[in-house]
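In what follows, a single structure is set out as structure tokens and then discussed.
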Amino acid sequence: MARVALVTGGTRGIGEAISVALHAAGRTVVASYVGNDHAAKSFSDATGISVAKFDASDFAACEGAVKQISEQHGPIEILVNNAGITRDGTMARMSRDMWDAVMDTNLGSCFNLCKLTFDGMRQSKFGRVVNIGSINGQAGQYGQVNYAAAKSGIHGFTKALAQEGARFGITVNAIAPGYVDTEMVRAVPPDVLTKIVARIPMGRLGHASDIARGVVFLTSDDGDFITGSTLSINGGQHMY
């Protein structure tokens, strides 16, 4: 029976590529989303991957979703915490609401879904958790104290939870993407984007598929001796 994988924010951008790659690797994938029904339907129709609508920052919503997914597909043994948002601004312009929204979605969702799936993984003596961090959580970024703090928190969260899961056959790792050619990055002004690419030794933006291949490996049986690690996929922009 195929292992069940939940990918949060899994219908667009990097999450979409991860969902498709895990599906191609033989997993039963459920991709979550929070708002764009049209995009989610188009994604599901095109890929045959199931979707689940819920807010990953809301613990009660996550609880209901995990219960429903488990009843329909089986226990979640692979969890990819990819959901994330930005609310950029300098400290002078950042409100508490902007801070809370990013922390709750980007970091709080990792707690919510790990809390709700970890016991099941312990019981089955198998689990794979991959948390999607960011180069900006490693190196920082002007105007992103909330985002950088949340993504940096993911890396610490990963190392701590990996220590709890190891003896139960659960691996917990993070991936820190660099700048990836997604809709959000393509919206950056061309002159700014040129400067970003100039700082990448590989000379290009990343592709969502670059990140997805890392997730497939870390969640496979071949990745069973890797835990508590952060895989930096950034073309050499930040070596950490």
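The values are calculated or read from the model by the stated rules, or taken from the named source; none is laboratory data. Everything numeric here is computed off the predicted structure, so don't read it as measured data. Counting neighbours? That spans all protein chains shown, and the Cβs are built from the backbone with ideal geometry, glycine included.
Worth a mention:
- Condition met for Thr158 (part of a loop (DSSP other than H, G, I, E, B), of a type in the set (Ser, Thr, Tyr) and touching a residue at least 60 places away in the same chain (Cβ under 8 Å)): no
- Contacts under 7 angstrom Cβ, first residue in the range 163-174 being under 9 Å from Arg122 (Cα atoms) and aromatic (Phe, Trp, Tyr), partner at pLDDT below 95 and part of a helix (DSSP H, G or I), 6 or more apart: none
- Among the residues of the range 138-154, those that are of a type in the set (A, V, I, L, M, F, W, C) and crowded, with 21+ Cβ neighbours inside 10 Å comprise Ala150, Ile154.
- For the range 217-236, the count of residues that are touching a helix residue (DSSP H, G or I) at 6+ places or on another chain (Cβ under 8 Å), on the phi > 0 side of the Ramachandran plot and touching a residue at least 60 places away in the same chain (Cβ under 8 Å) is at least one.
- Whichever residue in the range 228-240 is modelled with pLDDT under 90 and touching a Lys or Arg at 6+ places or on another chain (Cβ under 8 Å) and, among such residues, is surrounded by the fewest Cβ atoms within 10 Å (Cβ to Cβ): Gln237
- The residues of the range 198-227 that are surrounded by 15 or more Cβ atoms within 10 Å (Cβ to Cβ) and over 21 Å from Leu22 (Cα atoms), listed by number, are Ile200, Leu205.
- Filter result for Ala52 (more than 18 Å from the chain's Cα centre (by Cα), under 22 Å from Asp104 (Cα atoms) and modelled with pLDDT of 95 or more): no
- Residue within the range 35-45 that is within 17 Å of Leu113 (Cα to Cα), of a type outside the set (Lys, Arg) and either in contact with a strand residue (DSSP E or B) (Cβ under 6 Å, 6 or more places away or on another chain) or without any contact (Cβ under 8 Å) to a residue 12 or more places away in the chain (or both) present: no
- Selection status of Ile85, touching a strand residue (DSSP E or B) at 6+ places or on another chain (Cβ under 7 Å), of a type in the set (Val, Ile, Thr) and closer than 25 Å to Asn136 by Cα: no
- Test for Tyr179: is it surrounded by 20 or more Cβ atoms within 10 Å (Cβ to Cβ) and either aromatic (Phe, Trp, Tyr) or under 16 Å from the mean Cα position of the chain (by Cα) (or both): yes
- Options Asn173, Asn146, Asn234; residue that is under 24 Å from Ala25 (Cα atoms) and in contact with a Phe, Trp or Tyr (Cβ under 9 Å, 6 or more places away or on another chain): Asn234
- Residue pairs whose Cβ atoms lie under 9 Å apart, separated by 6 or more positions or on different chains, with the first residue in the range 75-103 and among the aromatic types (Phe, Trp, Tyr) and the second surrounded by 15 or more Cβ atoms within 10 Å (Cβ to Cβ), are Trp99/Arg87; Trp99/Val145; Trp99/Asn146; Trp99/Ala149.
- Listed by position, the helices (runs of 4 or more DSSP H) inside the range 172-227 whose residues that are at pLDDT 95 or above and among the basic types (Lys, Arg) number at least 1 are 208-218.
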